[in-house]
1. What is the calculated FRET efficiency for residue 124 to residue 74, with r their C-beta to C-beta distance and R₀ = 22 Å, to the nearest 0.05?
2. Once the stretch 1-138 is represented by equal point scatterers at the alpha-carbon sites, with solvent omitted, what log10 I(q)/I(0) does the Debye formula produce at q = 0.09, 0.10, 0.11, 0.22 Å⁻¹?
3. Under a 1.4 Å probe, what is the accessible area of the chain per residue, stated in Å²?
4. Would you grab the residues whose amide H sits under 5 Å from the one on residue 150? Only those 5+ places off in sequence or on another chain, please, with H modelled 1.01 Å from N.
5. For residue 2, what charge total do you get from the other residues with a beta carbon under 13 Å from its beta carbon, if Lys and Arg give +1 and Asp and Glu give -1?
6. Of all the accessible heavy-atom surface of the stretch 46-205, with the other protein chains kept in place and a 1.4 Å probe, what percent is carbon and sulfur?
7. For the stretch 47-58, just list the computed ³J(HN,Hα) in residue order, Karplus coefficients 6.51, -1.76 and 1.60, θ = phi - 60°, integers in Hz, with x standing in for Gly and Pro.
8. Tell me, in nm to one decimal, what length is gained between residue 170 and residue 106 on full extension, where the rule is 0.36 nm per residue of separation less the Cα-Cα distance?
Amino acid sequence: MVTYRIDTTTLREVPQDVTATWEHVERLERRGAEGDGERVVWLRILGALVSAERLAWSDVVRHGGPASLAAVPRPGDEDVPAGAWRPLLRLAQVLHWRSRFDDADLVVEAVRRAAQSVAVRPEVDDVTRRDCSAVLAFADQGQGKVRYDAGRCVEAVHLFSSALERRSRDGAPADQVESSRIALAAASSRAASGSAVHGPWEAARV
């Protein structure tokens, strides 16, 4: 099983074994569409961002989402379907790693509006409400990382705190809770020192 560690300075996932991770990506590719979502994640972690973005868009469209940034719903438009929420969040992570912060925010906000809208429906069941909360936690975590990389650490603290609160309350998997704890600690330290994050990860990758 391939794994990664979280760099506590950059908050980026780092593969533990690059060769094994590429082999895993090849296995996922052989599975076809079933493995595409996970393959987007590992391609991003490996730094193959052009391939990751191309695959992410394909996966979004397959799940009923928009085919381009121009088609991403804005406030007042019809919400994206629930099936496209997670593919869109994976796409936003790739856009973030390519330093396209505004594009990543646009995508995440479309997901956030849709999940919030579903969560407050009077007839929504508990399973759906919990799924909305999990998606909103991912949205908070993702946007927190965007703010962190942009040096807006006070905003990042708020977003990571929200993600951690949701995940702790909802009994999210331990690795997700720990990821939010690590991110919150890093952003809180940066905010307290008044320093911004700068490094090679700010450059667009290929």
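The values are calculated or read from the model by the stated rules, or taken from the named source; none is laboratory data. Only a predicted model underlies this, so the values are computations on that prediction, with no experimental measurement involved. Here the Cβ positions follow ideal geometry from the backbone for every residue, glycine too, while neighbour counts run over all protein chains shown. Each accessible area value is taken on the protein alone, full model and side chains, heavy atoms only, with ligands, DNA and RNA left out. Shrake-Rupley method; radii C 1.70, N 1.55, O 1.52, S 1.80 Å.
1. It comes out at approximately 0.40.
2. Debye intensities relative to I(0), on a log10 scale: -0.29, -0.36, -0.43, -1.33.
3. Solvent-accessible surface per residue comes out at 49 Å².
4. Answer set, sorted by chain and number: none.
5. Numbers: positive: 5, 27, 39; negative: 13, 17, 23, 26, 38.
Spelling it out: positives minus negatives among the neighbours equals -2.
6. Values: 3950 of 7360 Å².
Carbon and sulfur: 54 percent of the exposed surface of the stretch 46-205.
7. Per residue, the Karplus-derived 3J(HN,Hα) values read x, 8, 6, 5, 5, 5, 5, 4, 5, 4, 4, 4 Hz.
8. Numbers: separation 64, 0.36 × 64 = 23.04 nm, distance 2.61 nm.
Full-extension gain reported as 20.4 nm.
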